[in-house]
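The next block holds one structure in the form of structure tokens; read it before the comments.
The values are calculated or read from the model by the stated rules, or taken from the named source; none is laboratory data. All of these numbers come straight from a predicted model, not from anything done at the bench. Glycine gets a Cβ as well: all are built from the backbone with ideal geometry, and neighbour counts include every protein chain shown.
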Amino acid sequence: MVIVVLALLAGVHRYLWRRLVGDTTAEGSAMRRAGTVAAYVLPLLSVGALVSGRAGAPFWLQRVLAWPGYLWLAAVLYLTLALLVGEAVRPVLRRVLERRADRAGRPDDADTASVDGANGADPASDANNASSANHSNLSVGAPDASGTGTSAAAATLVADAPAPPRPGAPGRRLFVARAVGGAAAVAGLGTVGLGTYGVLRGPRVKRITVPLAKLPRSAHGFRIAVVSDIHLGPILGRDHTRRIVDTINRTQPDLVAVVGDLVDGTVADLGPAAEPLARLKARHGNYFVTGNHEYYSGAAQWVDQVRELGLHPLENARVEIDGFDLAGVNDIAGESEGQGPDFARALGDRDRTRAAVLLAHQPVVIHDAVAHGVDLQLSGHTHGGQLWPGNFIADLANPTGAGLDRYGDTQLYVSRGAGAWGPPVRVGAPSDITVVELASLRA
């Protein structure tokens, strides 16, 4: 599998080099040398960014590699997509330029007539012009005093010969290559730039209302701020956490639910980045469940850390809130450590006449939630695809890619997440914090 991925990466970079460098620069030029160096160095940075964390590299090195390495991965995606669109434009542009060149060099009868008409020429003057032209051709063909002469046919060929190209003017093929490559570069890199700005700006607040049949009137309007996939790491750090905390606090929620993938790294490296979570304010408390990335980063240590910051970890556990039960299960990635989800422990002995809200990182556990009589499951994990067209993959790999859906008597809400994994870029899947307002049908 690794060999296949590396081969695909090499093939894509070869294609990018050919279209953006090989087809647009002169052999031996400084631009070609710079483009060739970039074609080797940038993918190495991307591989370094991907493996440095798992390999236990020093955190400073992870940060050095992360920005250029991950951003280049996003750039590769959108440069490739833009160039593939350009493959369809390329032959069309060539034909347009060829037709323009033909019209400029050999105007047809219709073009000539229209030009003459525009100049006010009449048939009589046309005849006179033709007669003068014939006389001129005969004169050119006549021998001069030295006995030499030029034939009328040769003179006509000389007159009809196309003008030589201007020195230094690029040919049509080079012009097309540069036009398509330049447009692809602007489109691809511009898309990455806008997507990066969207992540660094911070998530926006979404609000939805979810009616629950079992919810009592006393809990009508209860607001849960759902935040998932913050992904603190070598790129998104303390400032990112601060923006999220400030955004949540401005919504004045009754409860905060952090539904996994808080971090991409160890407590030793990212503990300071998580500290602003201690400022979360909610009348009924702040709760946390693990995501798959916690199990790549030392889940037990992070559970202890968030507890010290004032969050209540729900490890296959349940608490009673005024009007409903709030339960949480570990992520399925914890099964490799014997720490997987345990629905029986979290929900098995509860009073099913009460409404139940479940925090579970991955949407795929929705069928277990249905079997245990959950009314609403709150999840993340998918990022909504994060990078278009990844939304199609997210929809295929999950019961719901993003938003609110229903499975039997259980509703599922999937947040797109507040951060980004890998490239700090989102395209077509903006980050969000969702305020879920519970509504009682008895109200």
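Worth pointing out:
- Filter result for residue 368 (closer than 21 Å to residue 256 by Cβ and touching a helix residue (DSSP H, G or I) at 6+ places or on another chain (Cβ under 9 Å)): no
- Number of the exception - residue 41 against (1) touching a helix residue (DSSP H, G or I) at 6+ places or on another chain (Cβ under 7 Å); (2) part of a helix (DSSP H, G or I): (1)
- So residue 124, is it loosely packed, with under 10 Cβ neighbours inside 10 Å and either assigned to a helix (DSSP H, G or I) or at pLDDT below 50 (or both): yes
- Counting only residues that are within 32 Å of the chain's Cα centre (by Cα) and either without any contact (Cβ under 8 Å) to a residue 24 or more places away in the chain or not assigned by TED's automatic domain parsing to the domain that holds residue 253 (or both), the range 309-346 holds 2 of them.
- Residue within the range 4-12 that is assigned to a helix (DSSP H, G or I), farther than 26 Å from residue 196 by Cα and among the β-branched types (Val, Ile, Thr) present: yes
- Of everything in the range 183-224 that is closer than 16 Å to residue 84 by Cα and in contact (Cβ under 8 Å) with a residue 60 or more places away in the chain, the residue that is farthest from the chain's Cα centre (by Cα) is 183.
- Breaking point among (1) out of contact with any Pro (no Cβ under 6 Å at 6 or more places or on another chain); (2) under 30 Å from residue 440 (Cβ atoms), for residue 225: (1)
- Per-region count, the range 268-281, residues part of a helix (DSSP H, G or I) and either free of Cβ contacts under 8 Å to residues at least 12 places away in the same chain or surrounded by fewer than 17 Cβ atoms within 10 Å (Cβ to Cβ) (or both): 5
- Residue check for residue 300: touching a helix residue (DSSP H, G or I) at 6+ places or on another chain (Cβ under 9 Å), surrounded by fewer than 19 Cβ atoms within 10 Å (Cβ to Cβ) and farther than 21 Å from residue 402 by Cα: yes
- Test: residue in the range 377-397 that is under 30 Å from residue 46 (Cβ atoms), buried (at least 24 other Cβ atoms within 10 Å of the Cβ), among the charged types (D, E, K, R) and in the same structural domain as residue 214 (by TED's automatic domain parsing): no
- The residue of the range 29-75 that is surrounded by the most Cβ atoms within 10 Å (Cβ to Cβ), among those that are more than 22 Å from the chain's Cα centre (by Cα) and hydroxyl-bearing (Ser, Thr, Tyr), is 52.
- Selection from the range 44-64 of residues that are assigned to a helix (DSSP H, G or I) and closer than 25 Å to residue 78 by Cβ: 44, 45, 46, 47, 48, 49, 50, 51, 52, 62, 63, 64
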